[in-house]
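S.K.: Below: one structure in structure tokens.
Readers should treat all values here as calculations from the given coordinates under stated rules, not as data from a laboratory. Predicted model only: the values in this text are computed from it and were never measured. Here the Cβ positions follow ideal geometry from the backbone for every residue, glycine too, while neighbour counts run over all protein chains shown.
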Amino acid sequence: MVQDNFLGNYSSCVAARSTNRAILAGSQDGGIVTQLFAFALEEGIIDGAIVAGPGDEPWRPRPMVATSVAELYAARGTKYNISPNVSFIKEATRSYGLDRVGIVGTPCQMQAVRKGQLYPVGLRDVPDKIALAIGIFCMENFPYQSIVQLVEDHANTKLENVTKLDIGKGKFWVYTERGAVVQLPLKITHKYEQPGCHVCLDYVANLADISTGSVGTPDGWSTVFVRSKKGTDIWSKAMAAGCFETKPIEEVKPGIELVTKLATEKITKNRKTIEERSSFGVGKGLRNPYI
Amino acid sequence: MSDKITAGHVHMSGCTGCEVAIADNYAGLLTLLDKYVDWVYDLTLADVRHIPEMDVALVEGSVCINDKISVEEIRQTREKSKIVVALGSCACYGNITRFCRGGQQNQPQHEAFLPIGDIIDVDVYLPGCGPSPQLIKNVCVAAYLLLKGSDDQKALAEAYLKPLMMLSKRGTEACFCDLMYDVIDQGLCIGCGACAAACPVRAITHEYGKPQGQRDLCIKCGACYNQCPRSWFSFDVVNQYESIMETIDAAMAP
């Protein structure tokens with residue numbers, strides 16, 4: 001078990017991508033989340049998964065309990081705006097009757113899940129039913145209206161024509177169905193970030209069973225951290241079933257060094273923000289949620 | 001077993017839902033009673049008329065300050081217990097009893113109810129309407145380890161219970177408004193959805209990715225605020241979630 005101040009605890013870290021072409025066709029990077037949930041569904045490890053499904057407006061996600069592979073496919077890809085997935089965590093065990101729940105979420109959502117398991121104030125009978133929590137790397141998130149602002153105003157593109165959004169290589173990318181590609185420098189996107197993200201002290205979802213993201217690996221691949229006992233067990237079963245093609249993280253560029261660098265930058269910057277909040281006013285500070 | 005702790009359930013003005021939540025640990029409750037706890041007082045389950053000395057008192061319900069017996073019993077509970085736990089949201093925050101206006105047969109003049117923290121000092125809050133059986137189990141095991149465990153176990157139990165002890169010092173008021181005041185207005189909300197999941201009356205939806213409460217529906221239970229990862233969050237505890245849950249599971253093995 002590796003214990004890292006910024007990357008958390010993990011039993012292994014690899015570069016990986018799904019071996020299923022259908023998954024890769026609509027996935028953000030290596031199709032890790034969709035492939036893991038599809039495998040877990042088919043093996044009966046989970047009865048369903050809370051994912052960011054399609055909402056009422058283009059690129060506006062809505063939490064959805066996927067109980068079939070087809071529903072998982074509908075939720076592929078990163079939306080870059082808020083999907084309150086944790087809001088379904090009790091509902092999944094009630095209305096949907098799931099005994100083994102999968103959930104994907106950002107690092108803060110993994111924090112909510114683990115706090116909820118240890119301190120289930122309003123989560124009766126939920127703690128023992130979290131069967132697979134997959135975390136995604138997250139530098140920051142955006143409200144939906146910020147995505148509208150960035151895509152329709154700055155990038156001058158109608159959201160309904162967008163086929164993919166991506167953040168990588170220092171830019172915010174907008175791909176359209178006609179093949180046009182618009183890129184915005186991240187210095188434009190920063191001011192539209194969700195403010196609550198600026199006190200977040202987790203980049204790679206340290207509390208997930210398995211966490212994944214694009215940073216560290218070449219296009220079409222994902223970096224995967226396998227963390228908990230549950231995560232290790234499920235990952236090894238998925239590997240044995242041939243779900244993933246992997247490479248040692250040491251053999252890919254830019255590799256884990258970039259993940260460490262970005263994690264360190266995010267957490268250092270946000271620690272400073274928390275510190276600055278303590279003297280925000282004149283002799284008065286803003287709240288620090290961490291005790 | 002001589003090293004058991006003693007505990008009891010004190011019934012103030014509550015609906016017995018909290019006690020049912022204790023029982024909803026099913027076989028786990030039997031394990032608790034077998035290994036860790038002598039259940040010395042409980043109006044519903046034990047034939048004991050007066051509040052005895054005990055290590056841990058789990059108090060359900062708010063205090064009707066118009067009822068002399070209730071006031072006397074909550075005072076005695078404080079005097080005779082090492083640790084007083086406010087079990088459930090009525091004891092912690094008043095919850096639904098905040099809305100009582102009296103008029104109920106056969107004591108219509110019983111109209112004023114206060115959370116127990118307005119009458120006595122409380123050591124630990126265990127909020128929820130009803131509190132989840134799993135949180136009750138976790139707190140019971142932690143309380144046992146704190147009183148009877150090894151040094152390591154004591155440290156772990158203390159770290160686990162610390163946020164719930166801090167809650168008991170924070171105050172006796174709770175509402176969806178806490179999320180507004182302490183999380184959203186403070187620029188801390190990340191729209192994760194934990195509050196909406198926790199709300200027992202489904203009063204919380206999301207607007208612009210942020211929770212919006214129908215305040216007419218809010219029963220002032222404090223579940224949303226306390227479930228939020230940005231109201232209070234201890235990395236010391238939550239980073240160890242796996243080992244803590246294993247410790248509790250091991251303790252609860254029959």
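S.K.: How big is the stretch A:146-270 on each of its three principal axes, counting only the C-alpha atoms and giving the largest first in Å?
M.R.: Cα spread of the stretch A:146-270 along its principal axes, largest to smallest: 46, 36, 25 Å.
S.K.: Another question, then. Taking every residue in A:196-205, how many Cβ atoms of other protein chains lie within 10 Å of its Cβ, on average?
M.R.: Values: counts 12, 2, 2, 5, 4, 2, 1, 0, 0, 0.
Across the residues of A:196-205, the mean count of other-chain Cβ atoms within 10 Å is 3.
S.K.: Please grab the % of Cα pairs in the protein assembly as shown that end up more than 42 Å from each other. Don't skip to the answer; put the middle values down first.
M.R.: Working: 33989 of 148240 pairs.
Here the long-distance tail beyond 42 Å is 23 percent of all Cα pairs in the protein assembly as shown.
S.K.: Between the stretch B:14-58 and the stretch A:60-136, what is the C-alpha centre distance in whole Å?
M.R.: 33 Å
S.K.: Per residue of A:79-91, count partner chain C-beta atoms within 10 Å of its C-beta, then hand back the mean as an integer.
M.R.: On the way: counts 0, 0, 2, 9, 5, 14, 5, 11, 13, 3, 7, 8, 3.
Neighbouring Cβ atoms belonging to other protein chains average 6 per residue here.
S.K.: So in chain B, which Cys have no other cysteine's beta-carbon sitting under 4.7 angstrom from theirs?
M.R.: So far as the 4.7 Å Cβ criterion goes, B:Cys15, B:Cys18, B:Cys64, B:Cys90, B:Cys92, B:Cys100, B:Cys140, B:Cys189, B:Cys192, B:Cys199, B:Cys218, B:Cys228 stand without a partner in chain B.
S.K.: In whole angstrom, how long is each semi-axis of the equivalent ellipsoid of chain A, when you take the square root of 5 times every eigenvalue of its Cα gyration tensor and sort them from largest down?
M.R.: Details: eigenvalues 143, 116, 88 Å².
Each semi-axis is the square root of five times an eigenvalue, giving 27, 24, 21 Å.
S.K.: Another question, then. What's the FRET efficiency of A:Lys171 with A:Asp56 using the Cβ-Cβ distance as r and R₀ = 35 Å, to the nearest 0.05? Don't jump to the answer; show the numbers that get you there.
M.R.: Details: r = 29 Å, r/R0 = 0.82.
Using R0 = 35 Å, I get an efficiency of 0.75.
S.K.: From the backbone phi of the stretch A:172-181, what are the Karplus-calculated ³J(HN,Hα) couplings (6.51 cos²θ - 1.76 cosθ + 1.60, θ = phi - 60°) in whole Hz, Gly and Pro given as x?
M.R.: Per-residue couplings from phi come out as 9, 10, 10, 10, 10, 5, 7, x, 6, 10 Hz.
S.K.: Using only C-alpha atoms and all pairs of different ones, pull out the Kirkwood radius for the stretch A:252-291 in Å with one decimal.
M.R.: Details: mean 1/r = 0.0841 Å⁻¹.
Kirkwood hydrodynamic radius for the stretch A:252-291: 11.9 Å.
S.K.: If you take each beta carbon of peptide B:204-210 and count the beta carbons of other chains within 10 angstrom, what is the mean? Spell out each step's value before the answer.
M.R.: Values: counts 2, 2, 6, 0, 5, 13, 5.
Mean partner-chain Cβ count within 10 Å for B:204-210: 5.
S.K.: When ranked by the protection proxy of mean other Cβ atoms within 10 Å per residue, highest first, what sequence do the peptides A:77-88, B:154-165 form? Write down the numbers at each step before the final one.
M.R.: Details: A:77-88: 25.0, B:154-165: 18.8.
Ranked by mean Cβ neighbours within 10 Å, highest first: A:77-88, B:154-165.
S.K.: On to the next question. Connecting C-alpha atoms closer than 10 Å in a GNM of chain B, tell me which of B:Gln105, B:Gln227, B:Gln76 has the biggest fluctuation.
M.R.: B:Gln105
S.K.: Quick one: which residues, 5+ away or cross-chain, put their amide H under 5 Å from the amide H of B:His206? H built at 1.01 Å from N.
M.R.: Those lying under 5 Å, H to H, from B:His206 are B:Gln212.
S.K.: Add -39500 (n - 2.57) for each DSSP H run of 4 or more in chain A, then divide by its residues: what number comes out at 222 nm, to the nearest 500 deg cm²/dmol? Don't skip to the answer; put the middle values down first.
M.R.: On the way: 8 runs with 78 residues, N = 291.
It lands at -8000 deg cm²/dmol.
S.K.: What residue among A:Ser11, A:Ser278, A:Ser228 shows peak mean-square fluctuation when chain A is described by a Gaussian network model with Cα springs under 10 Å?
M.R.: Most flexible of the set in this elastic network: A:Ser278.
S.K.: Here is a further query. Mind jotting down a quarter of the surface of the convex hull over the alpha carbons of the stretch B:98-223, in square nanometres, one decimal?
M.R.: Working: hull surface 41.0 nm².
Computed as one quarter of the Cα hull surface, the answer is 10.3 nm².
S.K.: Moving to a separate point now. Only helical DSSP H runs with n ≥ 4 go in: add -39500 (n - 2.57) per run for chain B, normalise by residue count and round the 222 nm mean residue ellipticity to 500 deg cm²/dmol.
M.R.: On the way: 10 runs with 92 residues, N = 254.
The helix-only estimate for chain B comes to -10500 deg cm²/dmol at 222 nm.
S.K.: May I pose another question? How are the Cα pair distances of the stretch A:24-167 distributed, in percent, across 5 Å bins from 0?
M.R.: Distribution as computed: 2, 10, 19, 22, 19, 14, 8, 4, 2, 0 percent.
S.K.: A follow-up question, please. Radius of gyration and Dmax for chain B's Cα atoms, expressed in Å?
M.R.: Radius of gyration, then largest Cα-Cα span, for chain B: 18.3, 57 Å.
S.K.: Here's a follow-up. Considering only B:Asp216, B:Asp185, B:Asp152, give the residue with the highest GNM mean-square fluctuation for chain B, with springs between Cα atoms whenever their separation is below 10 Å.
M.R.: In this elastic network of chain B, the residue with the biggest mean-square fluctuation among B:Asp216, B:Asp185, B:Asp152 is B:Asp216.
S.K.: Another question, if that's okay. What are the residues whose amide H is under 5 Å from the amide H of B:Ile83, where those residues sit 5 or more places off or on another chain and H is modelled from the backbone?
M.R.: Hits under the 5 Å cutoff: B:Val56, B:Ala57.
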